[in-house]
Amino acid sequence: MREAVDPAKRDQYPANIQAILKRPAPCAAWLGQELLQIDTEGGWCQIGYELSEAQFNRFGAVHGGAIACVMDDVLSVAAGLVLAWGEIAPTLEMKVSYLNQAGAGRHIAEACVRKRGRQISFLEASLAREDGRLIATATGTIMITAFKRG
């Protein structure tokens, strides 16, 4: 069931959401990440990103690498929703299709786990401007493994 993310209820969420709410990654902060909704049973998430000139290319649009970074971020959050405590989900591969230019402002990304295997999962994501114009889609493959402190 989809539910809005409430930081005050941090301890009720899966480990990956707890970690994001406790200590956001510097890259996620650079992208202006805001967790909006999750569905822990379905492995689905919706995240807002506040993109700005900090992510622009020399032509005044959001750089394709920044869009790929958003897609990897949202895919990893969705992947983490279906993991057990102590598991992580590094990306093995990702394909991004760029459909329209992105500019400064709020963007909404959604991702879901399409198939979870014992060691490998397959995911899909989309990124749109707040007005609904689709910017990019992505597919990703992640590996499920135990977290090891190195």
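Of all residues in segment 40-57, those that are out of contact with any strand residue (DSSP E or B) (no Cβ under 9 Å at 6 or more places or on another chain) and either at pLDDT 95 or above or on the phi > 0 side of the Ramachandran plot (or both) total 3. Among the criteria (1) crowded, with 20+ Cβ neighbours inside 10 Å; (2) at pLDDT below 95, the one Met1 does not fulfil is (1). The set of residues in segment 112-126 that are in contact with an Asp or Glu (Cβ under 8 Å, 6 or more places away or on another chain) and surrounded by 17 or more Cβ atoms within 10 Å (Cβ to Cβ) comprises Cys112, Ala125, Ser126. Selection over segment 61-70 of residues that are loosely packed, with under 12 Cβ neighbours inside 10 Å and either at pLDDT below 95 or not small (Gly, Ala, Ser) (or both) gives a count of 0.
So, in segment 49-84, exactly how many residues are in contact with an Asp or Glu (Cβ under 9 Å, 6 or more places away or on another chain) and part of a strand (DSSP E or B)? Within segment 49-84, residues that are in contact with an Asp or Glu (Cβ under 9 Å, 6 or more places away or on another chain) and part of a strand (DSSP E or B) number 2. Collect the residues in segment 85-141 that are outside any strand (DSSP E or B) and either β-branched (Val, Ile, Thr) or under 13 Å from the mean Cα position of the chain (by Cα) (or both), keeping them in residue-number order. Matches in segment 85-141: Ala89, Pro90. Of all residues in segment 17-48, exactly one satisfies the criterion of being assigned to a loop (DSSP other than H, G, I, E, B), surrounded by fewer than 18 Cβ atoms within 10 Å (Cβ to Cβ) and hydrophobic (A, V, I, L, M, F, W, C), namely Ala25.
The values are calculated or read from the model by the stated rules, or taken from the named source; none is laboratory data. All of these numbers come straight from a predicted model, not from anything done at the bench. Counting neighbours? That spans all protein chains shown, and the Cβs are built from the backbone with ideal geometry, glycine included.
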